[in-house]
Amino acid sequence: MAEGASHLPRGDKPQPAALYQAQEEPARLLVAKDEIRWMTHNVPPDRSVDVFLLLGCGARGLPHILLDSVAVLEALGVRFVAGAGQQFCCGNPYRPDRLDAADRLTANSIDRMTAWGASTIVHWCTACQLTFGAWSRNSEEVWSGGTVMPMQPRGAVQDGIENVHIHTFIERRLRELAQRVPWKNTPHRRVLVEGHPELTEVHDVAMTTGAKMLSLVPGVEVLGYVKAPEAFGRPGSNCSNALADLTFHDVQRIRSEVAAQARAQGADTISCQHHNCHRTWSRFASESLRVEQCVSIVAEALGVRSPDRYQEVAQLGETDRVVDRTESIWRTWGIDRAEATDLARKTFDPKYAAKPSCPCGGDVSKCTEEPLVQIGQIVRS
């Protein structure tokens, strides 16, 4: 069992319908309807592919990551189709309370993906990779969000389907293409890769292959691995803490502190493995410290990167500014200004505005208070 995991259900887990809604709604401020390049509902296959790119459910609130993932596989010449959302869900939102519904959803999702002829399912989400991997082995339990959840034995084992994380797949593809990779740009970055190897082997591999993948990108220097501040998440989980108790002052201090600490280690970029981690760290990005997901850096080098609108909007501050900046996007979804305002208020907290409010002016060296957070580097041989 992973460190920090338990067999007890999490008391803070929302109902499936509410969870799906919370995962999907922010995208209506961040990606136009005609920009969607993946299936959101199952459709009959019209061709055969080698790979099904499963973008998951939770990452939908950071749609630039989905866009970058699709664009990278296209640039690397992969024969694939991509899907995201409930009709391709691993079923974990229903575990452990509704095992029958969860297992039916898992089985139906596998059938929908393999109907395309794919021999490899490339996962964005580590929880999906763990769940579909456990299902293929006919396991009776699966890890998710710090909890070991039961699965019902099926009496059969799924053969011939590889479940692999997107970092591993891209790293493997880059090595396969070697000199034939169609690089377009040289993104000069000095990167610390952030992840949670303590959770499971799947998380460990996703983080380390993310670093290996980045090391193949022209101009990128991977300095090592960084451990997130404890305040960014709960034990046994990825960074998912919205830090609700922080003040404007606290946010500016943390933003300065993490930038200074990364700079002391020679880094100018934090690159997170998981979408929840990217969302949390993005709130503290600054001119001194980039926060960029691993696949997005590869996308930049291939000339196919999409803008990280979440990070841009998260630091705007006032809700009206968020609504104004994203109007051309939310209008494509047929929602009105009142709905967009409500969504912006639920999604973005004004305290993460980029403007400094700390008396030290955002310069942590002038701040006399004790540091609020501390990042630490993981040393690997």
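The values are calculated or read from the model by the stated rules, or taken from the named source; none is laboratory data. Everything numeric in this text was worked out from a predicted model, so none of it was measured. So basically every Cβ, Gly included, is an ideal-geometry build from the backbone, and we count neighbours across all protein chains shown. In case anyone asks, the SASA skips ligands and DNA or RNA and just uses the protein heavy atoms, side chains included. Shrake-Rupley method; radii C 1.70, N 1.55, O 1.52, S 1.80 Å.
Which members of the range 26-50 meet the condition of being closer than 21 Å to Ala314 by Cβ and either of a type in the set (A, V, I, L, M, F, W, C) or in contact with a Leu (Cβ under 6 Å, 6 or more places away or on another chain) (or both)?
Ala27, Leu29, Leu30, Val31, Ala32
Does Trp143 fit the bill of being at pLDDT below 85 and either crowded, with 19+ Cβ neighbours inside 10 Å or of a type outside the set (A, V, I, L, M) (or both)? Walk me through it before giving the result.
Values: at pLDDT below 85: yes; either crowded, with 19+ Cβ neighbours inside 10 Å or of a type outside the set (A, V, I, L, M) (or both): yes.
Against the criterion (at pLDDT below 85 and either crowded, with 19+ Cβ neighbours inside 10 Å or of a type outside the set (A, V, I, L, M) (or both)), Trp143 qualifies.
Which count do you get for residues in the range 313-328 that are open to solvent by 80 Å² or more (accessible area, probe 1.4 Å) and in a helix (DSSP H, G or I)? Don't jump to the end; show me each part of the working.
So in the range 313-328, the residues open to solvent by 80 Å² or more (accessible area, probe 1.4 Å) come out as 318, 320-321, 324-325, 328.
Restricting the remaining residues to those that are in a helix (DSSP H, G or I) gives 320-321, 324-325, 328.
Residues meeting the conditions: 5.
What residue, of Leu76, Leu54, is buried (at least 23 other Cβ atoms within 10 Å of the Cβ) and under 21 Å from Thr209 (Cβ atoms)?
Just one listed residue meets the conditions, Leu54.
Can you pull out the strands (runs of 3 or more DSSP E) entirely within the range 154-227 that have at least 1 residues that are more than 16 Å from the chain's Cα centre (by Cα), over 18 Å from His123 (Cβ atoms) and not polar (S, T, N, Q)? Walk me through how you get there before you give the answer.
Details: elements: 162-165, 189-194, 220-227.
Here the list reads 189-194, 220-227.
Using beta carbons and a limit of 8 Å, which pairs, at least six apart or on different chains, have the first residue in the range 295-317 and over 16 Å from Leu66 (Cβ atoms) and the second one modelled with pLDDT under 95 and hydroxyl-bearing (Ser, Thr, Tyr)?
Ala314/Ser282; Ala314/Tyr352; Gln315/Tyr352; Gly317/Tyr352
Starting from the range 257-269, take each residue that is in contact (Cβ under 8 Å) with a residue 12 or more places away in the chain and list its partners that are surrounded by fewer than 16 Cβ atoms within 10 Å (Cβ to Cβ) and part of a helix (DSSP H, G or I), counting only C-beta distances under 7 angstrom and pairs at least six apart or across chains.
Between residues of the range 257-269 that are in contact (Cβ under 8 Å) with a residue 12 or more places away in the chain and residues that are surrounded by fewer than 16 Cβ atoms within 10 Å (Cβ to Cβ) and part of a helix (DSSP H, G or I), there is no close pair.
Tell me, yes or no, whether the range 73-81 has at least one residue that is touching a helix residue (DSSP H, G or I) at 6+ places or on another chain (Cβ under 6 Å) and free of Cβ contacts under 8 Å to residues at least 60 places away in the same chain.
From the range 73-81, those touching a helix residue (DSSP H, G or I) at 6+ places or on another chain (Cβ under 6 Å) are 75-76, 80; that's our starting set.
Those still in the list that are free of Cβ contacts under 8 Å to residues at least 60 places away in the same chain too: 80.
Checked against the condition, which is being touching a helix residue (DSSP H, G or I) at 6+ places or on another chain (Cβ under 6 Å) and free of Cβ contacts under 8 Å to residues at least 60 places away in the same chain, the range 73-81 yields at least one hit.
Looking only at the range 170-204, which residues are open to solvent by 50 Å² or more (accessible area, probe 1.4 Å) and at pLDDT 95 or above?
Of the range 170-204, the ones open to solvent by 50 Å² or more (accessible area, probe 1.4 Å) are 172, 175-176, 178-180, 183-186, 188, 190, 198, 201.
Result: Arg172, Arg175, Glu176, Ala178, Gln179, Arg180, Trp183, Lys184, Asn185, Thr186, His188, Arg190.
When you check Ile166 against the structure, is it more than 20 Å from Thr208 (Cβ to Cβ), modelled with pLDDT of 85 or more and open to solvent by less than 30 Å² (accessible area, probe 1.4 Å), yes or no? If you could, list the steps in order and put the result at the bottom.
Values: more than 20 Å from Thr208 (Cβ to Cβ): no; modelled with pLDDT of 85 or more: yes; open to solvent by less than 30 Å² (accessible area, probe 1.4 Å): yes.
For Ile166, the condition - more than 20 Å from Thr208 (Cβ to Cβ), modelled with pLDDT of 85 or more and open to solvent by less than 30 Å² (accessible area, probe 1.4 Å) - is not met.
Out of Ala259, Ala344, which single residue is among the aliphatic types (A, V, I, L, M) and closer than 28 Å to Pro187 by Cα? Can you show your working first?
Details: Ala344 fails: closer than 28 Å to Pro187 by Cα.
It is Ala259.
Of the residues Arg331, Arg290, which is surrounded by 18 or more Cβ atoms within 10 Å (Cβ to Cβ), at pLDDT 95 or above, among the basic types (Lys, Arg) and out of contact with any helix residue (DSSP H, G or I) (no Cβ under 6 Å at 6 or more places or on another chain)?
Details: Arg331 fails: surrounded by 18 or more Cβ atoms within 10 Å (Cβ to Cβ).
The match here is Arg290.
Using beta carbons and a limit of 6 Å, which pairs, at least six apart or on different chains, have the first residue in the range 216-245 and closer than 16 Å to Gln273 by Cβ and modelled with pLDDT of 70 or more and the second one open to solvent by less than 30 Å² (accessible area, probe 1.4 Å) and among the aromatic types (Phe, Trp, Tyr)?
The qualifying pairs are Cys239/Phe232.
Condition first: of a type outside the set (Gly, Ala, Ser), at pLDDT 85 or above and open to solvent by less than 80 Å² (accessible area, probe 1.4 Å). Can you find one or more residues in the range 355-367 that meet it?
No.
Can you spot a residue in the range 118-134 that is modelled with pLDDT under 90, over 27 Å from Arg37 (Cα atoms) and within 24 Å of the chain's Cα centre (by Cα)?
Checked against the condition, which is being modelled with pLDDT under 90, over 27 Å from Arg37 (Cα atoms) and within 24 Å of the chain's Cα centre (by Cα), the range 118-134 yields at least one hit.
Of these, Pro63, Pro45, which one is over 20 Å from the mean Cα position of the chain (by Cα), at negative phi and in contact (Cβ under 8 Å) with a residue 60 or more places away in the chain?
Working: Pro63 fails: over 20 Å from the mean Cα position of the chain (by Cα).
The match here is Pro45.
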